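Participant: Below: one structure in structure tokens.
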Amino acid sequence: MLYLEYEKAKASFARAQMMFEDALLEKERLFTMTQPRAITYDKDTVQTSPCGDVLDKYVIALENEKIEERLKPYRDLVMNRESLLEIKERELRKSPDRYDKIYTYRFLDGMSLRTIAKTLCFSKSEVHRNLQYILKSINKNAKKGTKGDRMGQNETFHAS
């Protein structure tokens, strides 16, 4: 049942993307400090933001928080997880197991139950039963499987 491995790879890829996005958001937050602020005319004096001091603060904050150093490993991790996910998808598509085929047709290709039933020469109700079994199996095995996961995060997989 390769679809379980695919689900784990998909979850790892999503976690890597979240870490990368968090680092990017931090860099973006620091960068917005450098942008000019709006001029307020409702007060007695009109003030604009000086850029020189703000740019210095931006560079110092980048160095202190080492965002660039964090971004590179996250970027590499995302690329590696993406390539692993692609490999797992290719393996899943080549699998002769009927559960893997139903999973692929339904969740990767987006086929309807009727189309899957015609493709596999099953009845619609049999495909539906198998699909329910697949979903239950994914959730059950995901709870067991993530306990030994290197990332150390427990989560359930929701195939949709």
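We did not get these values from a lab; they are worked out from the coordinates using the rules stated. Everything numeric here is computed off the predicted structure, so don't read it as measured data. A quick note on method: Cβ atoms are made from the backbone with ideal geometry, for glycine too, and the neighbour counts reach across all protein chains shown.
Participant: What distance in nm separates the two pseudo spin-label positions at Met19 and Glu82, each 7 Å out from Cα along the beta-carbon direction?
Facilitator: 1.7 nm
Participant: Filter the cross-link list Lys94/Lys136; Lys10/Lys136; Lys66/Lys88; Lys94/Lys140; Lys10/Lys101; Lys66/Lys140 down to pairs whose alpha-carbon distance in this structure exceeds 29 Å.
Facilitator: The answer is Lys66/Lys88; Lys66/Lys140.
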